[in-house]
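This report refers to the structure that appears directly beneath it.
The values are calculated or read from the model by the stated rules, or taken from the named source; none is laboratory data. It should be emphasised that the depicted structure is a prediction, and the values quoted were computed from it without experimental measurement. Note: ideal-geometry Cβ built from the backbone for every residue, glycine included; neighbour counts use all protein chains shown.
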Amino acid sequence: MDPTTSQGPEGVLRIADVAEGGTGDDGDAKKLRKWRKMLERASTHKQWKAALAVPGFKKKFTMRNRKGVPDELRGIVWPLVSGGRELLLQNPGVYERLMLYESSSSELDIVRDLNRTFPGHVFYAQRHGPGQRSLYNVLKAYSVFDRSVGYVQGMGFVTGVLLLYMCEEDAFWTLVALLKGASHVPMEGMYQEGLPLLQKYLHHFEGLVEAFLPKLSAHLTQENIVPTMYCSQWFITVFSYTLPFDCLLRVWDIFILEGMRTVFAIGLELLRCEQDHLMKLKFENLVQALSRKRHDIPAGHKTVDDFLRRAMTWKLKEKLRDLDDQFDLIM
C-alpha cells in the first residue's frame, strides 16, 4: 500500500483526492490544503521525525493538530505520527501471517467481547459483520504477535477506534506502535498481568487531583472514592468508552501526537467541569456520576474546541515528574 493511501470502511482514500475540498465549506477546503502541504514534507515516519526538528514545524503542527485532523485524513495522519505506518513498511506480510496462520489462546475471549465493543456504532453493530470481523482479526493477530500481553478487553476499544479510519494492517501496526512505544511511552504495561502501568497512572492521577482540585480531592477521600473506581477505563481505552464520539476523535488526534499526558489533562478537565455537581454527591451516586458515559460536551464549555483548549492548558510536566519519583519510592 502506498504510504499516502489509507483504506477504511469508506474505501480507499488518497490525500490528493480529498485536499481539493470538493465537499464541505471553504473553511474545510482550506484546512485540507494546509494539512496536505504539511503531509507532503513528511510522508514517512523518518521524514516526520526530521520535520519535527525544523524550527517552528512542531509548534505549527501541534497547534493545527489540537484544532482537529480533517476526518478524511485521520487514516493517514494517525499511522504516520504514531509510527505504525513505518512498522508496516518494515514488516511486509507479517500481519497476514499472524492473522491467517497462527492460533491464539485468546480467540474465544476476543469473540465473546466483540458485541461489547462500540455496540451502538453502525460499523460494529452487525453480529459477524465486516466491522466485527476486522476487529477480531486485528486483536487475534496482536495476541499472537505479543503473547506476553495477549488480549485484554480494553484493547478492543482502542483497536475499534483505529479501524474506523484505516485498513486492518494499518490498524494492527498502529496498535503495535502505541503499545510498544514507537513515539511515546509504551502502553503495553496497562494490559500486562497485574496492570503495572495502569497502577502507576492511577497513582499519578490521584496526585494530580489532590494538587489541582484540592476541594474535590478531599470530598473523594471523605467518600472513600479512589481512582480505580472510576477512571481505569479512561486510561485503558483512552476515553473510547467515556466521551461523545465527536469529542473522542479530537482527543485521539491529540493523544496520538502528544501521548498519555493527554489523558491526564482531559481527565482533570472533566473533573473540573463537573466539580460543583460532584461535591454534592455521596458514595453510590458519586461513583455512578464519575464512571458514566458522557453524551454531551462537559458543563461550562460551548464547543469541543473550548473544552480541549482549556484541557490542554493544564501544566502537568513538573508534577508528573514528582509523582514518578514518589511512585518509584513506593514501589
Worksheet entry | Search result, residues across region 57-70 that are closer than 15 Å to K34 by Cβ and of a type outside the set (G, A, S) | F57, K59, K60, F61, T62, M63, R64, N65, R66, K67, V69, P70
Item to complete: Go through G300, G267 for me and flag whichever is assigned by TED's automatic domain parsing to the domain that holds H219, under 25 Å from Q199 (Cα atoms), in contact (Cβ under 8 Å) with a residue 12 or more places away in the chain and of a type outside the set (A, V, I, L, M, F, W, C).
Response: G267
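What do you reckon, is S148 free of Cβ contacts under 8 Å to residues at least 60 places away in the same chain, crowded, with 18+ Cβ neighbours inside 10 Å, farther than 30 Å from L52 by Cβ and polar (S, T, N, Q)? Let's see the steps before the verdict.
Details: free of Cβ contacts under 8 Å to residues at least 60 places away in the same chain: yes; crowded, with 18+ Cβ neighbours inside 10 Å: no; farther than 30 Å from L52 by Cβ: yes; polar (S, T, N, Q): yes.
No; evaluated as a whole, the condition is false for this residue.
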Fill in: Where N65 falls short, out of the listed (1) of a type outside the set (G, A, S); (2) in a loop (DSSP other than H, G, I, E, B); (3) within 25 Å of G181 (Cβ to Cβ)
(2)
Worksheet entry | Candidate set: region 195-229, residues that are surrounded by fewer than 21 Cβ atoms within 10 Å (Cβ to Cβ) and hydroxyl-bearing (S, T, Y); chosen: the one nearest to M155 (Cα to Cα) | T228
Worksheet, complete the sentence: Requiring at least 1 residues that are among the hydroxyl-bearing types (S, T, Y), the helices (runs of 4 or more DSSP H) wholly within region 268-331 are 283-291
Practice prompt. Read through the list (1) of a type outside the set (G, A, S); (2) more than 21 Å from the chain's Cα centre (by Cα); (3) over 21 Å from F123 (Cβ atoms); (4) at pLDDT below 90, then give the number of the only condition that R36 fails.
Written response: (4)
Discussion item. Consider region 230-244. How many of its residues are under 12 Å from the mean Cα position of the chain (by Cα) and not in a loop (DSSP other than H, G, I, E, B)?
Written reply: 4
Worksheet item: Given the structure, is G207 over 20 Å from the mean Cα position of the chain (by Cα), in contact (Cβ under 8 Å) with a residue 24 or more places away in the chain and under 22 Å from L329 (Cβ atoms)?
Response: yes
Worksheet item: With respect to V176, is the statement that it is outside the structural domain of W234 (by TED's automatic domain parsing), at pLDDT 95 or above and assigned to a helix (DSSP H, G or I) true?
Response: yes
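Return yes when D305 is surrounded by fewer than 21 Cβ atoms within 10 Å (Cβ to Cβ), under 22 Å from K200 (Cβ atoms) and modelled with pLDDT of 95 or more and no when it is not.
Values: surrounded by fewer than 21 Cβ atoms within 10 Å (Cβ to Cβ): yes; under 22 Å from K200 (Cβ atoms): no; modelled with pLDDT of 95 or more: yes.
Spelling it out, it is not the case that D305 is surrounded by fewer than 21 Cβ atoms within 10 Å (Cβ to Cβ), under 22 Å from K200 (Cβ atoms) and modelled with pLDDT of 95 or more.
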Worksheet item: Taking region 125-136 as the region of interest, how many residues are at pLDDT below 95 and under 18 Å from L175 (Cβ atoms)?
Response: 0
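Take the residues in region 69-93 that are among the small types (G, A, S) and under 15 Å from F145 (Cβ atoms); name whichever of them is nearest to the chain's Cα centre (by Cα).
First, pick out the residues of region 69-93 that are among the small types (G, A, S): 75, 82-84, 93.
From what's left, under 15 Å from F145 (Cβ atoms): 84, 93.
Numbers: G84: 14, G93: 26 Å.
Checked region 69-93; the qualifying residue nearest to the chain's Cα centre (by Cα) is G84.
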Response to the item:
Checked against (1) in a loop (DSSP other than H, G, I, E, B); (2) in contact (Cβ under 8 Å) with a residue 24 or more places away in the chain, P186 satisfies every condition except (2)
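Quick check on P55: is it over 23 Å from V185 (Cα atoms), outside the structural domain of E169 (by TED's automatic domain parsing) and assigned to a loop (DSSP other than H, G, I, E, B)?
Details: over 23 Å from V185 (Cα atoms): yes; outside the structural domain of E169 (by TED's automatic domain parsing): yes; assigned to a loop (DSSP other than H, G, I, E, B): yes.
Yes; evaluated as a whole, the condition is true for this residue.
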Worksheet item: Consider L220 against the criteria (1) at pLDDT below 95; (2) in a helix (DSSP H, G or I); (3) over 26 Å from V81 (Cβ atoms): it satisfies all of them except one. Which criterion is unmet?
Response: (1)
Practice prompt. Considering only region 68-107, state which residues are in a loop (DSSP other than H, G, I, E, B), among the small types (G, A, S), modelled with pLDDT of 95 or more and under 16 Å from E168 (Cα atoms).
Written response: G93
Worksheet item: Out of the residues in region 39-53 that are at pLDDT below 80 and either aromatic (F, W, Y) or buried (at least 19 other Cβ atoms within 10 Å of the Cβ) (or both), which is farthest from N65 (Cα to Cα)?
Response: H45
Fill in: Pick from region 189-204, criterion under 30 Å from P92 (Cβ atoms) and not in a helix (DSSP H, G or I), ranking: nearest to the chain's Cα centre (by Cα)
Y191
